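In what follows, a structure is listed as structure tokens, so that the remarks can point back to it.
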Amino acid sequence: MKNKLFYGDNLEVLRRYIKDESVDLCYIDPPFNSKRNYSQIYNNIVDNCRGERPFTPTAFVDTWTWDDYANQGLKEIQENYLGHFTSQTIDLINGLIAVLKKGELLAYLVAMTLRIAEIHRVLKPTGSFYLHCDPNASHYLKLVLDSIFCSQGGDYKNELIWKRRTNTVKAITKSFSRLNDVIYFYVKSAKNYYFEIQYEDYPTEYIKRFKYQDEYGQYRWQVMATYSQERLEQLKKENKVRFSPTAKYPEFKQYLHELKGIPVTNLWTDIDMLNSQSRERLGYPTQKPEALLERIIKASSQENDVILDAFLGGGTTISIAQRLKRQWIGIDLTYRSIGITLKRLQDSFGQEILDKIQLSGIPKDVESAKLLAEKKDDRTRKEFETWAILTYSNNCAIINDKKGKTPLNPPLVSGRERFDGIAYFQGEKSQEKIILQVKSGKVGAKDIRDLQGVLTLENAPLGILIMLQNPTKDMIKTAKSAGIYQNKYMSQPLDKIQIVTIEEILEQQKRLDIKLTFEVLKSAPQQQQINTNQMKLEL
């Protein structure tokens with residue numbers, strides 16, 4: 001079967017689609033209860049009219065409240081829903097109610113407990129689990145992990161400390177600067193799990209000791225305190241041993257390339273966080289370095305093992321799993337994350353990789369698109385608009401969250417609160433804008449005239465209205481009356497206002513066919529292509 005990418009709530013996906021004991025390794029980088037909203041970082045796009053970046057839309061929200069979801073989750077734990085919760089977990093959560101009360105921290109811990117219990121279920125008996133967090137709630141999360149893993153024959157192996165900053169940090173007057181994240185490493189079986197020691201490079205000072213060179217490489221003379229006579233004779237034949245009349249033991253040539261490196265400890269200081277200039281950086285706000293995931297995947301899995309990331313984010317885990325010839329499953333609640341991941345895989349492994357992925361939860365027909373549009377879940381607000389725009393633009397448009405004035409955004413003119421997305425193309429002298437608007441309800445010619453007004457306010461030559469319903473004759477007439485646009489880079493003129501239906505996007509695969517010179521998302525570095533047809537994924 002194909003590798004799988006799920007668009008939806010990971011709790012629902014885990015319960016409905018991921019079988020018991022089917023995953024070898026799970027890594028998650030969930031929200032940290034940081035009490036922040038994280039914004040998407042787009043490529044170097046600046047609005048010519050305003051001289052500023054057009055939007056900093058929210059990638060995901062890391063604020064929690066005690067609400068209906070928290071109440072339902074607490075009930076499921078207390079009543080041992082589906083038999084997935086241990087008595088230790090139930091007692092722990094009940095005890096935390098008395099300590100923390102029903103507030104934002106307990107809401108966060110309930111949500112995480114529900115998902116960690118499902119991850120434990122889907123792990124193979126030999127499986128491993130890595131949970132990435134920070135000191136905001138790590139102490140509580142470890143209690144949750146202990147109650148789920150250690151009470152069922154599993155084991156806590158490590159608290160990995162990743163020193164994510166190596167640059168100079170600003171002084172904080174009331175506390176020490178925080179430089180680290182925490183990664184908890186657990187195994188489902190204390191006695192039977194896969195682990196391969198990883199190594200980091202030697203420091204420069206150590207390498208300088210290998211100051212000799214021969215046809216085999218760089219080496220140093222190393223004392224042989226213990227050796228067999230057979231080993232000594234072999235070294236003599238190879239001219240790789242010497243004897244000194246003043247030395248007690250012989251010395252042999254120790255080659256640098258024959259040494260694996262320094263065994264990695266639980267303190268990781270050799271992997272830098274991604275800065276704004278990093279070639280890896282794609283714009284997802286909490287994106288982790290590929291080297292971090294490569295170390296985890298190599299340590300706790302082998303080729304063709306199944307890797308699960310239930311909080312997909314920017315897709316780093318599955319991209320590295322693909323490169324290392326693992327099978328993978330990715331899950332995320334937001335289509336923005338799905339879009340970034342699809343583009344990343346395409347950039348890294350080529351267009352053909354997209355045909356080898358099974359996409360689930362993404363609308364495949366008009367009826368499923370209607371269900372997404374009518375979804376009442378506040379956590380996925382604007383998901384229909386996001387899905388429609390990113391799908392139609394091949395993940396090359398910017399989503400407008402319509403937030404108006406925020407700490408990250410300057411005051412916006414009224415026109416900017418009246419459309420859903422924007423894309424850029426090459427105009428006569430500089431970049432030009434395409435305004436995208438999405439409508440899922442009743443529409444009419446007035447919506448076309450409103451879009452015309454936005455084009456005027458934004459000084460944009462082109463506008464596209466994406467509709468769930470079919471347009472009326474009056475709408476088509478009004479759109480045509482807006483006229484046509486063409487510049488020297490276009491082979492033919494285009495209607496200034498175009499109407500596209502969801503049916504056309506899904507059934508006719510209609511896509512934005514204007515060459516977008518200005519990429520709003522950075523391209524991921526190309527990776528070595530592998531033959532995914534040889535991979536078999538049993539779910």
Label-point separation, Q78 to I262 (7 Å along Cα→Cβ), nm
5.1 nm
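Pairs of Cα atoms under 8 Å, at least six residues apart: use those to get the relative contact order of the stretch 202-260, whole percent. Let's see the in-between values first.
Numbers: 62 pairs, mean separation 22.7, N = 59.
Computed over the stretch 202-260, the figure is 39 percent.
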So if each residue of separation counts as 0.36 nm, and I subtract the Cα-Cα distance between I90 and K2, what length gain in nm does that give?
28.0 nm
P(r) of the stretch 397-507 over all Cα-Cα pairs, 10 Å bins starting at 0, rounded to whole percent, reads 13, 44, 33, 9, 0
Going residue by residue through the stretch 107-121, the Karplus relation 6.51 cos²θ - 1.76 cosθ + 1.60 with θ = phi - 60° gives ³J(HN,Hα) values, rounded to whole Hz and with x marking Gly or Pro, of 4, 5, 5, 4, 4, 5, 4, 4, 7, 5, 4, 5, 5, 4, 4
In what sequence do H120, H139 fall when counting other Cβ within 10 Å, fewest first?
H139, H120
So if R0 is 60 Å, what FRET efficiency would N459 and Y216 give, r being the distance between their Cβ atoms, rounded to the nearest 0.05?
0.35
List, in order, the whole-Hz ³J(HN,Hα) value for each residue of the stretch 431-447 obtained from phi through the Karplus relation with A = 6.51, B = -1.76, C = 1.60 and θ = phi - 60°; use x for Gly and Pro.
5, 10, 10, 10, 8, 10, 10, 10, 10, 10, x, 5, 10, x, 4, 4, 5
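Of the peptides 350-357, 127-134, how do they stack up when ordered by the mean number of other Cβ atoms within 10 Å, highest first? It would help to have the intermediate numbers written out before the result.
Values: 350-357: 13.2, 127-134: 22.9.
Per-residue Cβ counts within 10 Å, averaged per peptide and sorted highest first, yield 127-134, 350-357.
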Given H placed on each backbone N at 1.01 Å, which residues far from K157 in sequence or on other chains put an amide H within less than 5 Å of it?
F185, Y186, V187
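Length gain on complete extension for the stretch S228 to K174, per 0.36 nm per residue less the alpha carbon to alpha carbon distance? Please list the in-between numbers first.
Values: separation 54, 0.36 × 54 = 19.44 nm, distance 6.08 nm.
Here the segment from S228 to K174 would lengthen by 13.4 nm.
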Kindly state, to the nearest 0.05, the FRET efficiency for Q152 paired with K325, given R0 = 30 Å and r defined as their beta-carbon distance.
0.45
Using each residue's phi in the stretch 460-468, evaluate 6.51 cos²θ - 1.76 cosθ + 1.60 at θ = phi - 60° and report the 3J(HN,Hα) Karplus result to the nearest Hz, with x for Gly and Pro.
10, x, 10, x, 10, 9, 9, 10, 7
Return the subset of K211/K237; K4/K288; K174/K382; K142/K191; K343/K496 for which the Cα-Cα distance in this structure is over 30 Å, preserving the input order.
K174/K382
Spelling it out for G361: with amide H atoms placed in the peptide plane at 1.01 Å from N, the residues 5 or more places away or on another chain with amide H under 5 Å from its amide H are Y7
Multiply the residue separation of K442 and V366 by 0.36 nm, subtract the distance between their alpha-carbon atoms, and state the gained length in nm to one decimal.
25.8 nm
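Every read-out reported here was derived from the displayed coordinates using simple, explicitly stated rules and does not represent laboratory data. Keep in mind it's a predicted model, so treat the numbers as computed, not measured. Heads up, the Cβs are rebuilt from the backbone with ideal geometry, glycines too, and the neighbour counts pull from every protein chain shown.
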